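Participant: Take this structure, written in structure tokens, and hold onto it; I'll ask about it next.
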Amino acid sequence: MAEAIQQLILDTLDKQGTIKDTRTLVLPGQSDPAATHDAQIIILGALNSLSSREMITYTTQETLSHVLTPEGASIALNGSHEALVWAAVPAKGEGEPITPKQLEEKIGGEAAKVGQGRAFKNKWIAKEGNGLVKLASSIDDATQKEMREVDSTGTLKAGEKALAELRKRKLITQKKGQWFTVHKGPSFSTSTAKPETDLTTDMLTSGAWKTSTFKKYNFEAEGVPTSGGALHPLLKVREEIRNIFLEMGFAEMPTSSFVESGFWCFDSLFVPQQHPAREVQDTFYLSDPSTSLDPPKKYYETVSKVHEHGGFGSTGYRAPWSDAESRKLLLRTHTTASSAAMLWKLAARCRGEKDDPEVEALAAHTGTTRSSKDTGDGFRPAKLFSIDRVFRNETMDATHLAEFHQVEGVVADRDLTLADLIGFMKVFFKKMGIENLRFKPAYNPYTEPSLEIFAFHPQLHKWVEVGNSGMFRPEMLEPMGFPKDVHVHGWGISLERPTMIRYGINNIRTLVGHKNSIESVEKSPAVRF
Ligand code: PHE
């Protein structure tokens, strides 16, 4: 059908040059011209298809036409109310006159009520006694005729006044209509053969390209969305936090060792060997291999001595030292294991050893520190950070998994105080958009004093814990070889918490793991603190 109409339009244009009014077209299989609204809609489809191929151009003309209301349609079919009344009453002298009540029963209340008045006015019926009889022997149902005329042409020959009357009687309503004037387009032809969309080798060799018609490029068409890699929300937030550290003159520590020994994860940090965090229900231990390579001998001995017997002004834990405990391999429970190893390397020059190449590289990246005075003891200040994965043997729930990411900052300088630590954290968190901070005394085996960091959460409208911090203990720093006036402070936060707050995620399992949808990753917006 669609193609037959397109062909009709093209043939008519071929014959007439233009089609002034598409309402004059007689569509295939029809005997009347396409005057109705529906017919013009069908024609419009054909016009759009032809004009997209530039075979024709067309302009739209608006008309107002009329359509029947349901009441009008019923009159077109069954006759007007007055005609129904006339048909229902007996002729004069033929049977009993019909009472108004009987009339109502016969043709319905509405038709009887409206129809009687008009039938009287038209002198079609008259009163006889208590009833009604016919006055005219035949009638001309003009209303029905008008309805039929409007139905087929959308208007009345009688003109606007008659139409307005029918509108007032709510038998017809106005409807916008359209028709079209059609001209030949630049690619006019009477053939509706589909244009070629591609130039092929076959066309070139056969020469068919010379006579083929080609489809025009549509530069307005939207392309298929391209698929590509997308950064996970955690990586986006990681990048922002990384930038904050870099902006503050911090250098990034290497943290690729997920597997650490008990020595670096705990002992070097002065975590007692009997500490509950070291038990299997909190830490994942490796079974194969299960023991670490040899730790640096001298340092190891000093650490074990401080634990067991004390030193550097400390009484130590006075509990037997276990070499086996220290050599156990485990999945690191915090990135502070890496920080400890890095600090030990940083202290190499203080121990009179050669500078560690890793430290040298980091030192080159460390920005200004408060005091850089060289007192000849080999110490050089450092601002270090890391953001990497840690593992804890925890029961998983909506906010905890067995692994997460830790963001850790460490500053080593002479005479640092708690006020420096608090000041640093204020600047750091402010850069993350968190201005309202509170600090609560806490306990870490490796820091004294220790502070838990709380931030006011504007959406949750309460204080939430965002991190942990402290001044590293002399029992940890002095065995490494740092001079007494060198103080080191550090703080750690999780990467998951700010990410979940940022993206409004309340179940960590929708952020990490198999329930995380690729689509949400692809759509997650960039983060700017
Ligand atoms: N390691 C601590 C934690 O896991 C964070 C921290 C780092 C605390 C450095 C003090 C100093 O919560």
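Participant: Quick one: Asp32 ticks every box in (1) modelled with pLDDT of 90 or more; (2) within 16 Å of Val150 (Cβ to Cβ) except a single one, so which number is it?
Facilitator: (1)
Participant: Scan segment 10-23 for residues that are farther than 13 Å from Thr192 by Cβ and in contact with a strand residue (DSSP E or B) (Cβ under 9 Å, 6 or more places away or on another chain) and jot them down.
Facilitator: Thr12, Gly17, Thr18, Ile19, Lys20, Asp21, Thr22, Arg23
Participant: Any residue in segment 282-293 that is more than 17 Å from Ser386 (Cβ to Cβ), part of a helix (DSSP H, G or I), touching a residue at least 24 places away in the same chain (Cβ under 8 Å) and under 48 Å from the mean Cα position of the chain (by Cα)?
Facilitator: No: segment 282-293 contains no residue that is more than 17 Å from Ser386 (Cβ to Cβ), part of a helix (DSSP H, G or I), touching a residue at least 24 places away in the same chain (Cβ under 8 Å) and under 48 Å from the mean Cα position of the chain (by Cα).
Participant: Scan segment 391-439 for residues that are among the aliphatic types (A, V, I, L, M), within 28 Å of the chain's Cα centre (by Cα) and under 14 Å from Ser469 (Cα atoms) and jot them down.
Facilitator: First pass over segment 391-439, keeping only residues among the aliphatic types (A, V, I, L, M): 396, 398, 401-402, 407, 410-412, 416, 418-419, 421-422, 425, 427, 432, 434, 437.
Narrowing the set further to residues that are within 28 Å of the chain's Cα centre (by Cα) leaves 396, 398, 401, 407, 432, 434.
If the condition is that a residue be among the aliphatic types (A, V, I, L, M), within 28 Å of the chain's Cα centre (by Cα) and under 14 Å from Ser469 (Cα atoms), then Val407 is the only one that fits.
Participant: Scan segment 261-281 for residues that are assigned to a helix (DSSP H, G or I) and at pLDDT 95 or above and report the count.
Facilitator: Counting residues in segment 261-281 that are assigned to a helix (DSSP H, G or I) and at pLDDT 95 or above gives 7.
To keep it simple, each residue is scored yes or no on (1) in a loop (DSSP other than H, G, I, E, B); (2) surrounded by fewer than 21 Cβ atoms within 10 Å (Cβ to Cβ).
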{"position": "Glu71", "(1), (2)": "no, yes"}
{"position": "Val85", "(1), (2)": "no, no"}
{"position": "Gly93", "(1), (2)": "yes, yes"}
{"position": "Glu96", "(1), (2)": "yes, yes"}
{"position": "Glu104", "(1), (2)": "no, yes"}
{"position": "Gly115", "(1), (2)": "no, no"}
{"position": "Phe120", "(1), (2)": "no, yes"}
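Participant: Given the conditions (1) out of contact with any Phe, Trp or Tyr (no Cβ under 7 Å at 6 or more places or on another chain); (2) closer than 17 Å to Ile19 by Cβ, and given that Gln61 satisfies all but one, which numbered condition is not satisfied?
Facilitator: (1)
Participant: Of all residues in segment 27-69, count the ones that are part of a strand (DSSP E or B), surrounded by fewer than 17 Cβ atoms within 10 Å (Cβ to Cβ) and of a type outside the set (Val, Ile, Thr). Before the answer, list the steps.
Facilitator: Residues of segment 27-69 part of a strand (DSSP E or B): 56-68.
Next, from what is left, pick out any that are surrounded by fewer than 17 Cβ atoms within 10 Å (Cβ to Cβ): 57, 59-64, 67.
Checking the rest, the ones that are also of a type outside the set (Val, Ile, Thr) come to 61-62, 64.
Total satisfying the criteria: 3.
Participant: If you take the residues in segment 433-487 that are in a loop (DSSP other than H, G, I, E, B) and charged (D, E, K, R), which one is nearest to the ligand (Cβ to nearest atom)?
Facilitator: That would be Arg473.
Participant: Turning to a different aspect of this structure: With exposed (fewer than 14 other Cβ atoms within 10 Å of the Cβ), among the charged types (D, E, K, R) and outside any loop (DSSP other than H, G, I, E, B) as the only criterion, which of Asp202, Asp151, Asp198, Asp140 stands out? Outline the logic, then answer.
Facilitator: Details: Asp151 fails: exposed (fewer than 14 other Cβ atoms within 10 Å of the Cβ); Asp198 fails: outside any loop (DSSP other than H, G, I, E, B); Asp140 fails: outside any loop (DSSP other than H, G, I, E, B).
Result of the check over Asp202, Asp151, Asp198, Asp140: Asp202.
Participant: Only residues that are within 25 Å of Val237 (Cβ to Cβ) and within 15 Å of the ligand (Cβ to nearest atom): list them for segment 416-428, please. Steps first, please.
Facilitator: Of segment 416-428, the ones within 25 Å of Val237 (Cβ to Cβ) are 421-428.
Across segment 416-428, the qualifying residues are Leu421, Ile422, Phe424, Met425, Phe428.
Participant: Please find, among Arg148, Arg167, the residue that is under 11 Å from Leu68 (Cα atoms) and either polar (S, T, N, Q) or out of contact with any helix residue (DSSP H, G or I) (no Cβ under 8 Å at 6 or more places or on another chain) (or both).
Facilitator: On the way: Arg148 fails: either polar (S, T, N, Q) or out of contact with any helix residue (DSSP H, G or I) (no Cβ under 8 Å at 6 or more places or on another chain) (or both).
Selected residue: Arg167, the only one of Arg148, Arg167 that is under 11 Å from Leu68 (Cα atoms) and either polar (S, T, N, Q) or out of contact with any helix residue (DSSP H, G or I) (no Cβ under 8 Å at 6 or more places or on another chain) (or both).
The values are calculated or read from the model by the stated rules, or taken from the named source; none is laboratory data. Quick caveat, the model's predicted, so the values are computed rather than measured. Note: ideal-geometry Cβ built from the backbone for every residue, glycine included; neighbour counts use all protein chains shown.
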